[in-house]
Amino acid sequence: MNLIDVKNLTKRFPMGKGEFTALKNINITIGKGEFVGLIGPSGSGKTTLLNILGSLDVPSDGEAIVLGNSIGALSAKQSAMLRKESLGFIFQSYNLLQVHTVYENVEFPLLLLKLPAAERKMMVMEALAWVGLTDKAKSKPPQLSGGECQRVAIARAMVKRPSLVLADEPTANLDAANSHNILKTMEALNRDLNTTFVFATHDEKVIGYLRRKIFLLDGRIDKDEVVEHS
Amino acid sequence: MIKFLVKGLLRDKSRSQMPIIVVAIGVMLTVFIHAYINGFMGDTIELNARFSHGHLKVMTKGYADNMSQTPNDLALLDSDSLLSSLQREYPTVAWVTRIQFGGLVDAPDSTGETRAQGPAMGMGIDFLSPASSEVERLNIPKSLVRGRLIQNAGEALISNLFAEKLGVLPGDVVTLIGSTMNGSMSMYNFTIVGTIAFGAEALDRGALIVDIEDARYALDMQNAAGEVLGFLEGGFYSDDDAIAIAQRFNALHADSSSEYAPVMKSLSQQGNMGSYVSLLNTWTGIISSIFVLAMALVLWNAGLLGSLRRYGEFGVRLAMGEEKGHVYRTLIYESVVIGVIGTAIGTAIGLFFALLLQVYGIDISGMMEGAAMMMPTVIKARITPADYYLGLIPGLVSTVVGSMLAGVGIYRRQTAKLFKELEA
Ligand SMILES: Nc1ncnc2c1ncn2[C@@H]1O[C@H](COP(=O)(O)OP(=O)(O)O)[C@@H](O)[C@H]1O
Ligand SMILES: [Mg+2]
């Protein structure tokens, strides 16, 4: 079974008196363990599609089936449950909780899952080890660099070992060295844990790591190509 | 989870400390202003009650018609039996007889010639009978500036200001020139034994206080009195209670059309006191509600802004899979905690300042010079039971309602939009 099945998906936003169609009749399937990117210029619909896959938004027409759930048919409770149990998010601007420590930020998804304290601790420390921030556990986001913040965000997205991680322009605020660093980290997690990663990006550095590139243009799929390398 | 939220609340000063301070200040001002207005308005009424109007006053119909002139030719003739019947019929009210009179005080020099003269506002009160509460009611011991209180017949107290104007000292003898009940002129000598300052400009200009029996001699009013004053239980004026008692009394005497028939009036039914009482009540109400409302708006807004600022955080929490209802409830719980703590602190501080003002007062006599109205020259707050819970309206209710409204956005907006505000 495919992890993601998008069928004839259209997304319209109300705009002024009329409507604006951000996604037009999209069809994609994504399987388990893929490292895939939605690539396209600003305004091409990448974020809109990612939000629907993340059940933060719903299709206007067609279907988006994620882990067997039809996004448009889920109740608010069910979509919260899907996000809580199976999805991880990484954002361009990190979106860490500023007054909480690195440890607490990473622990938050586990609190929602109501896991026992001992288990939480083990999982948080392991996630911090993945991103190389074990020694920053007690720091707070304002004391960290941008690269470190994004690594905390990766740890937070990965700590519950979700099936699917959605990353929207994760390198947009980072320099080249940090971009490569976090991409290598995500690549390793994809390889070791078989987590599926879906990116939205127009950054060449990110594109270089992708194993499949889905090009979006004006809300349509322009090209969908699998990269054949080592 | 609770621990996580508490940590966030404690660490984020803009989420805890700031709103608590804002709520506390708002509540403090509300409580203090309310106690202050109550004190000022209530004091003015009580001052007028104690010195001239009583909470209730019984007079003859003729006297009542010209009350401002204190026409003692229309005095109550058998005042002692009237007094005892009032005491019997209305035992919860404290009844006292008084004579108010005008006259000229003449201070002679050593040869007996007039040295100085001045118009007096005389008051005959029950000074000498052992059960009398009048000395305390008029706060005379504390108002004494020089000399001593009246201990014997023929003695008088005079306002300190008046004494200075006349150049008399305790021990001097002055002559009261007035008119008897029957309209003829009367002259009566009093020994000044002390001078007093009441702290009310209108009284301190020309007060002359004597025992009521002396006043009766001086004005030829044997067994008569101009007025019988009643003071309600508890010491505070209640317009509804006073009017009810007056109505009951007047119903018994309604059939008599004689000028000498007794009539009872509540403080609010005397002269312009009625409009004053209703003015005071209206203004106490208006000012208090404006203040409560203004504070409510401020705190509501603070609650609203504080929550709007956190849409980004809510967006993240929702993305992590927290349910909307849970995010919303935690927001409300937080605002309840903030509201309760802020209200408690604000009420405590507000009551503390109100208590200071209730005990010590602020002397504003400088501003009251020449005031025709009898108003207290010391402003005091008066803490009423309402002050203990009034702060809850702006402090708790508004803060929580503000957060509730702000929180509606969590439901109404699409989750994806909460992020938009974050990713500016
Ligand atoms: N909530 C919305 N309401 C109206 N228009 C929107 C909304 N979200 C996105 N759009 C529009 O949809 C188009 C695609 O947006 P988006 O998916 O954010 O593009 P990208 O992420 O590729 O830059 C843009 O033209 C944008 O203005
Ligand atoms: Mg985008």
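The values are calculated or read from the model by the stated rules, or taken from the named source; none is laboratory data. All values reported here derive from a predicted model rather than from experimental measurement. Glycine gets a Cβ as well: all are built from the backbone with ideal geometry, and neighbour counts include every protein chain shown. Accessible surface is based on the protein model in full, side chains and every heavy atom, while ligands, DNA and RNA are left aside. Shrake-Rupley method; radii C 1.70, N 1.55, O 1.52, S 1.80 Å.
With respect to the stated conditions, B:Ser110 is among the hydroxyl-bearing types (Ser, Thr, Tyr), part of a loop (DSSP other than H, G, I, E, B) and open to solvent by 30 Å² or more (accessible area, probe 1.4 Å).
Return yes when A:Val106 is under 20 Å from the mean Cα position of the chain (by Cα) and either at pLDDT 95 or above or facing chain B (nearest Cβ under 8 Å) (or both) and no when it is not. Steps first, please.
Numbers: under 20 Å from the mean Cα position of the chain (by Cα): yes; either at pLDDT 95 or above or facing chain B (nearest Cβ under 8 Å) (or both): yes.
The answer is yes for A:Val106.
Mind counting the residues in segment B:274-302 that are of a type in the set (A, V, I, L, M) and either at pLDDT 85 or above or open to solvent by 70 Å² or more (accessible area, probe 1.4 Å) (or both)? Within segment B:274-302, residues that are of a type in the set (A, V, I, L, M) and either at pLDDT 85 or above or open to solvent by 70 Å² or more (accessible area, probe 1.4 Å) (or both) number 7.
Does A:Ile4 fit the bill of being within 16 Å of ligand 2 (Cβ to nearest atom) and either open to solvent by 40 Å² or more (accessible area, probe 1.4 Å) or out of contact with any Phe, Trp or Tyr (no Cβ under 8 Å at 6 or more places or on another chain) (or both)? Spell out the reasoning first.
On the way: within 16 Å of ligand 2 (Cβ to nearest atom): no; either open to solvent by 40 Å² or more (accessible area, probe 1.4 Å) or out of contact with any Phe, Trp or Tyr (no Cβ under 8 Å at 6 or more places or on another chain) (or both): yes.
So A:Ile4 does not fit the description; no.
For segment B:200-244, the set of residues classified as out of contact with any Pro (no Cβ under 7 Å at 6 or more places or on another chain), over 20 Å from B:Ser132 (Cβ atoms) and surrounded by fewer than 22 Cβ atoms within 10 Å (Cβ to Cβ) consists of B:Glu201, B:Ala202, B:Asp204, B:Arg205, B:Asp220, B:Phe236, B:Ser238, B:Asp239, B:Asp240, B:Asp241, B:Ile243, B:Ala244, listed by residue number.
Within segment A:92-103, restricting attention to residues that are within 20 Å of A:Met186 (Cβ to Cβ) and either within 12 Å of chain B (Cβ to nearest Cβ) or not in a helix (DSSP H, G or I) (or both), the residue that is most open to solvent (accessible area, probe 1.4 Å) is A:Gln92.
What number of residues within segment B:12-23 are under 20 Å from B:Arg329 (Cα atoms) and open to solvent by 60 Å² or more (accessible area, probe 1.4 Å)?
If we filter segment B:12-23 for residues that are under 20 Å from B:Arg329 (Cα atoms), which is where we start, we get B:12, B:14-16, B:19-20.
This time we only want the ones that are open to solvent by 60 Å² or more (accessible area, probe 1.4 Å), so: none.
So the count comes out to 0.
Could you please give the count of residues in segment A:32-69 that are assigned to a strand (DSSP E or B) and either within 16 Å of ligand 2 (Cβ to nearest atom) or over 17 Å from A:Ala22 (Cβ atoms) (or both)? Step through it out loud before you land on a result.
Filtering segment A:32-69 down to residues assigned to a strand (DSSP E or B) leaves A:35-39, A:61-66, A:69.
Within this subset, residues satisfying the condition of being either within 16 Å of ligand 2 (Cβ to nearest atom) or over 17 Å from A:Ala22 (Cβ atoms) (or both) are A:35-39, A:65-66, A:69.
Adding up the residues that qualify gives 8.
The lone criterion from (1) part of a helix (DSSP H, G or I); (2) at positive phi left unmet by A:Arg83 is number (2). Checked against the criteria, A:Lys114 counts as within 13 Å of chain B (Cβ to nearest Cβ), open to solvent by 50 Å² or more (accessible area, probe 1.4 Å) and among the basic types (Lys, Arg). Checking the stated criteria, B:Ser129 turns out to be open to solvent by less than 70 Å² (accessible area, probe 1.4 Å), assigned to a loop (DSSP other than H, G, I, E, B) and more than 21 Å from B:Val378 (Cβ to Cβ). Put simply, of A:Ser145, A:Ser139, A:Ser230 the only residue that is away from ligand 2 (no atom under 16 Å from the Cβ), at pLDDT below 95, farther than 26 Å from A:Gly45 by Cβ and polar (S, T, N, Q) is A:Ser230. For residues in segment A:154-191 being outside any loop (DSSP other than H, G, I, E, B), among the hydrophobic types (A, V, I, L, M, F, W, C) and within 16 Å of ligand 2 (Cβ to nearest atom), which is farthest from the other protein chains (Cβ to nearest Cβ)? Across segment A:154-191, the extreme among qualifying residues is A:Ala167.
Yes/no matrix, rows are residues, columns are (1) open to solvent by less than 10 Å² (accessible area, probe 1.4 Å); (2) away from chain A (no Cβ under 14 Å); (3) without any contact (Cβ under 8 Å) to a residue 60 or more places away in the chain; (4) not in a helix (DSSP H, G or I):
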{"residue": "B:Leu331", "(1), (2), (3), (4)": "yes, yes, no, no"}
{"residue": "B:Val336", "(1), (2), (3), (4)": "no, yes, no, no"}
{"residue": "B:Ala344", "(1), (2), (3), (4)": "no, yes, yes, no"}
{"residue": "B:Thr347", "(1), (2), (3), (4)": "no, yes, no, no"}
{"residue": "B:Phe352", "(1), (2), (3), (4)": "no, yes, yes, no"}
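Kindly establish whether A:Arg12 is surrounded by 21 or more Cβ atoms within 10 Å (Cβ to Cβ) and more than 16 Å from ligand 2 (Cβ to nearest atom). Considered against the rule, which asks whether it is surrounded by 21 or more Cβ atoms within 10 Å (Cβ to Cβ) and more than 16 Å from ligand 2 (Cβ to nearest atom), A:Arg12 comes out as no.
Residues in segment A:83-91 include none that are under 16 Å from the mean Cα position of the chain (by Cα), surrounded by fewer than 19 Cβ atoms within 10 Å (Cβ to Cβ), away from ligand 2 (no atom under 16 Å from the Cβ) and more than 13 Å from chain B (Cβ to nearest Cβ). Among the conditions (1) free of Cβ contacts under 8 Å to residues at least 24 places away in the same chain; (2) open to solvent by 30 Å² or more (accessible area, probe 1.4 Å), A:Asp175 misses just one, which is (1). Look at (1) closer than 28 Å to B:Ala24 by Cα; (2) surrounded by fewer than 20 Cβ atoms within 10 Å (Cβ to Cβ); (3) of a type in the set (Ser, Thr, Tyr) and you find that B:Ser307 fails only one, number (2).
Against the test of being open to solvent by less than 10 Å² (accessible area, probe 1.4 Å), at pLDDT 95 or above, within 16 Å of ligand 1 (Cβ to nearest atom) and on the phi < 0 side of the Ramachandran plot, the options A:Ala127, A:Ala200, A:Ala155 yield a single qualifying residue, A:Ala200. Is at least one residue of segment A:27-47 polar (S, T, N, Q), closer than 22 Å to B:Gly321 by Cβ and within 14 Å of chain B (Cβ to nearest Cβ)? Among the residues of segment A:27-47, at least one is polar (S, T, N, Q), closer than 22 Å to B:Gly321 by Cβ and within 14 Å of chain B (Cβ to nearest Cβ), which makes the answer yes. Can you pull out every residue in segment A:15-31 that is within 16 Å of ligand 2 (Cβ to nearest atom) and buried (at least 19 other Cβ atoms within 10 Å of the Cβ)? Scanning segment A:15-31 gives A:Ala22, A:Leu23, A:Ile26. Filtered by the rule that a residue be among the charged types (D, E, K, R) and either open to solvent by less than 50 Å² (accessible area, probe 1.4 Å) or part of a helix (DSSP H, G or I) (or both), segment B:320-329 gives B:Glu322, B:Lys324, B:Arg329. Screening segment B:1-96 for helices (runs of 4 or more DSSP H) wholly inside it with 1 or more residues that are away from chain A (no Cβ under 14 Å) and farther than 30 Å from B:Val359 by Cα returns the ranges B:17-48, B:61-65, B:79-89. Within segment B:257-273, does at least one residue satisfy the condition of being open to solvent by 20 Å² or more (accessible area, probe 1.4 Å), of a type in the set (Lys, Arg), farther than 25 Å from B:Asp241 by Cα and in contact (Cβ under 8 Å) with a residue 24 or more places away in the chain? Among the residues of segment B:257-273, not one is open to solvent by 20 Å² or more (accessible area, probe 1.4 Å), of a type in the set (Lys, Arg), farther than 25 Å from B:Asp241 by Cα and in contact (Cβ under 8 Å) with a residue 24 or more places away in the chain, which makes the answer no.
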